[in-house]
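Each reported figure results from applying straightforward, stated rules to the coordinates on display, with no laboratory input. Since the structure is predicted, the reported quantities are computational estimates derived from the model, not experimental observations. Using ideal geometry, Cβ is built from the backbone for each residue, glycine included, and neighbour counts are taken over all protein chains shown.
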Amino acid sequence: MNKYFLSLHKLSKSFKDGYEKISVLKNININFEDNKIVSLVGPSGSGKSTLLHLLALLDSPDTGKIIFNNKDLVKSNDEEKTTLRKNDIAIVYQNNNLISDLSAIENIALAYLNKSNDKNKSYLLAEKLLKEFGLSNRMNHYPYQMSGGEQQRVAIARAIINDPKLLFADEPTGNLDHKNTNMILNYLFKLKKNNRLVIIATHNRDLAQKTDLRLTLSDGNVINKS
Ligand SMILES: Nc1ncnc2c1ncn2[C@@H]1O[C@H](COP(=O)(O)OP(=O)(O)O)[C@@H](O)[C@H]1O
Ligand SMILES: [Mg+2]
């Protein structure tokens, strides 16, 4: 029985650039408890997105383990990964990744419909989230009709509609003004509870200061835990 909620063991990831191999993550070892909100900081190019993509099972590490629920998620097959992403794991992408020909409410509801056939409920939940994020008047807008900040809020709503146990957010406030940054942060902090973990990659110092744990990525390693 692993006493941690999520554990990374010797996680490494490199990319090939022509003949050259770029080692982005080198032997990362971190244990996370639940009921925490964690920030991941580090300069641009330090591997924050790469790490979050591994944790969200969007990419595979070269070596290492990601232990969650006493299982090594790296060894999951595609079907298991799909199930985990429906029920337990969600990511807010750095660039939103909203579906361009779906409206705000449709983008959010679709995430719920991936795991349930209850269309009415999916729209009710999506509407509730849009209201909470101050987007009641953007429900039927398409991504191109929304500002970067509005799109980002839709992307966050989409990620949390299934109440994931692990939520990874990749610079979720990167496009937001001060007021919207605070609104999103308040919301992310409300997600902090037992059996849940939120990890946020960010450049925002104020945000990082408020989190339970700050991890600094540098030269492929976590150099600072505070
Ligand atoms: N798919 C990829 N192919 C090649 N190199 C990549 C790929 N993804 C990321 N990298 C490289 O990995 C490094 C870390 O990138 P990234 O994780 O996006 O950093 P951060 O999110 O901290 O800015 C960068 O040098 C980037 O160029
Ligand atoms: Mg990034």
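Within segment 97-180, which trypsin sites (Lys or Arg not before Pro) sit in a loop by DSSP and count at most 15 neighbouring Cβ atoms inside 10 Å?
Answer by residue number: Lys115.
Which residue, chosen from His9, Leu113, His203, occupies the Cα position most advanced towards the positive end of the dipole of the chain, where the dipole is computed from +1 (Lys, Arg) and -1 (Asp, Glu) charges on Cβ about the Cα centre?
Farthest towards the positive pole: His9.
Pop out the ³J(HN,Hα) list for segment 96-107 in order, Karplus 6.51 cos²θ - 1.76 cosθ + 1.60 with θ = phi - 60°, rounded to Hz; leave Gly and Pro as x.
Ordered by residue, 3J(HN,Hα) equals 6, 6, 6, 7, 5, 9, 10, 6, 4, 5, 5, 4 Hz.
Which values, in whole Å and largest first, are the semi-axes of the equivalent ellipsoid of segment 100-157 obtained as the square root of 5 times each eigenvalue of the Cα gyration tensor?
18, 12, 9
Once you list every other residue whose beta carbon is under 14 Å from the beta carbon of Asn175, what net charge do they have if Lys and Arg are +1 and Asp and Glu are -1?
Result for the local shell: -2.
For Asn221, which sequence-distant residues (separation of 5 or more, or a different chain) have an amide H within less than 5 Å of its own amide H, given hydrogens modelled in the peptide plane?
Close amide H contacts, sequence-distant or interchain: Lys26.
Expressed as an acute angle from 0 to 90° and rounded to the nearest 10, what is the orientation of the C-alpha long axis of helix 178-190 relative to the principal long axis of the chain?
With both axes taken from Cα atoms, the answer is about 70 degrees.
Run the helix sum for the chain: -39,500 (n - 2.57) per DSSP H stretch of 4+ residues, divided by residue count, reported at 222 nm to the nearest 500 deg cm²/dmol.
Roughly -10000 deg cm²/dmol at 222 nm, from the helical runs in the chain.
Nothing charged except the Cβ atoms of Lys and Arg (+1) and of Asp and Glu (-1): what's the magnitude of the dipole of segment 37-83 about its Cα centre? Round to the nearest 20 debye.
Using only the charged Cβ atoms, the result is roughly 180 debye.
Can you find, among His141, Asn31, His53, the residue farthest towards the positive end of the dipole of the chain? Put +1 on the C-beta of Lys and Arg, -1 on that of Asp and Glu.
Asn31
Calculate log10 I(q)/I(0) of the chain for q = 0.07, 0.09, 0.18 Å⁻¹, where I(q) comes from the Debye formula with a single equal point scatterer on each Cα and nothing for solvent.
Relative scattering, expressed as log10 I(q)/I(0), comes to -0.22, -0.36, -1.39.
List, in the order given, every pair from Lys36/Lys193; Lys86/Lys121; Lys65/Lys193; Lys131/Lys193; Lys86/Lys115; Lys86/Lys165 whose Cα-Cα distance in the structure shown is over 18 Å.
Lys65/Lys193; Lys131/Lys193
If you average the C-alpha positions of segment 59-91 and of segment 166-226 separately, how far apart do those two centres end up, in angstrom?
Using only Cα atoms to place each centre, the spacing works out to 21 Å.
Amide H of Asp34: which non-local residues (sequence gap of 5 or more, or other chain) have their own amide H closer than 5 Å, using H built in the peptide plane?
Under 5 Å from the amide H of Asp34 lie the amide H atoms of Phe5, each far enough along the sequence or on another chain.
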